Amino acid sequence: VTTDLDENYENARMDLKVRVRNSAAQAVSGYMVDVRLYDENRDMFMNGFTIDVGDVEAASGGGYATASAQGSKTVYAPELWSAEKPNLYTLVLSLYNDDGVYMGSMSQQIGFREIEFTSSQVDANGYRTTQDSEYKQVTINGEPLVFRGVNRHDSDPMTGKYVSREVMEKDVELMKQYNVNAVRTSHYSNDDYLYYLCNKYGLYMMAETNVECHAL
């Protein structure tokens, strides 16, 4: 799922691409995915968006066959996400067969935001070729953005590489109390729960995963 705000940062185009698996020994067709958005109060914010899956081949060799489908819909006036106002929606995808029988659902959080900046260009010698007049300050949803960030290691002074959810929550709480708005995972993926907390409470995430090994 990707979202793209319009020039006024008011409405958004939501693009979805789904893959449906068939583990049956026969081909199937006529399936559709129903797409809905719910706000933080669990009230429905958007519906009326369906994606036709089409034909899915039969599975073979004890595996499964897949079919891909995609669609787009305009989402009108969503509450935008930022570190100051981390508005989130729940995206729910539900699968139905051609008889309208419900087959199951999956969901994930989604926020509507747009970060823009000027990418610097350099020549073969590493000298910057981008002109000063071409620069644009980093913005979020059209507003100037200043990062006040910290590096973070997924470690605990008492339990080492095991970090409890309570400790992660305390990390985020302290960051927000001290006006930190960004965190960098140096230099590896952190526990999934940290990303959830950053989405929920409003922290910009630099998800650095360059797997540094240094002399090792």
Expected single match for of a type outside the set (Ser, Thr, Tyr) and under 17 Å from ARG13 (Cα atoms) among GLU114, GLU84 is GLU114
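Residue under question is ARG21, and the condition is that it be open to solvent by 70 Å² or more (accessible area, probe 1.4 Å) and farther than 19 Å from GLY104 by Cβ; does it hold?
No; evaluated as a whole, the condition is false for this residue.
If the requirement is being among the hydroxyl-bearing types (Ser, Thr, Tyr), exposed (fewer than 12 other Cβ atoms within 10 Å of the Cβ) and touching a strand residue (DSSP E or B) at 6+ places or on another chain (Cβ under 9 Å), which of these qualifies: SER94, SER120? Please lay out each step first, then the result.
Values: SER94 fails: exposed (fewer than 12 other Cβ atoms within 10 Å of the Cβ).
Selected residue: SER120, the only one of SER94, SER120 that is among the hydroxyl-bearing types (Ser, Thr, Tyr), exposed (fewer than 12 other Cβ atoms within 10 Å of the Cβ) and touching a strand residue (DSSP E or B) at 6+ places or on another chain (Cβ under 9 Å).
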Apart from one, (1) surrounded by 11 or more Cβ atoms within 10 Å (Cβ to Cβ); (2) assigned to a strand (DSSP E or B); (3) touching a residue at least 40 places away in the same chain (Cβ under 8 Å); (4) not acidic (Asp, Glu) all hold for GLY54; the odd one out is (3)
Evaluate the following for TYR64: is it of a type in the set (Ser, Thr, Tyr) and modelled with pLDDT of 95 or more? no
Per the filter on the range 181-200, residues part of a loop (DSSP other than H, G, I, E, B), free of Cβ contacts under 8 Å to residues at least 60 places away in the same chain and buried (at least 18 other Cβ atoms within 10 Å of the Cβ) are ASN190
Here the residues within the range 60-85 that are among the hydrophobic types (A, V, I, L, M, F, W, C) and part of a strand (DSSP E or B) are ALA65, ALA67, ALA69, VAL75, LEU80, TRP81
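Residue-wise test of (1) open to solvent by 60 Å² or more (accessible area, probe 1.4 Å); (2) farther than 26 Å from ASN141 by Cα; (3) among the aliphatic types (A, V, I, L, M).
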{"site": "ASN11", "(1), (2), (3)": "no, no, no"}
{"site": "VAL28", "(1), (2), (3)": "no, yes, yes"}
{"site": "TYR31", "(1), (2), (3)": "no, yes, no"}
{"site": "VAL35", "(1), (2), (3)": "no, no, yes"}
{"site": "ASN41", "(1), (2), (3)": "yes, no, no"}
{"site": "ASN47", "(1), (2), (3)": "yes, no, no"}
{"site": "GLY61", "(1), (2), (3)": "yes, yes, no"}
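The values are calculated or read from the model by the stated rules, or taken from the named source; none is laboratory data. From a predicted model like this one, the values you see are computed outputs, not experimental measurements. Reconstructed Cβ throughout: ideal geometry from the backbone, glycine too, with neighbour counts over all protein chains shown. For the accessible areas, the whole protein counts, side chains as well, though only heavy atoms, and no ligand, DNA or RNA atoms are used. Shrake-Rupley method; radii C 1.70, N 1.55, O 1.52, S 1.80 Å.
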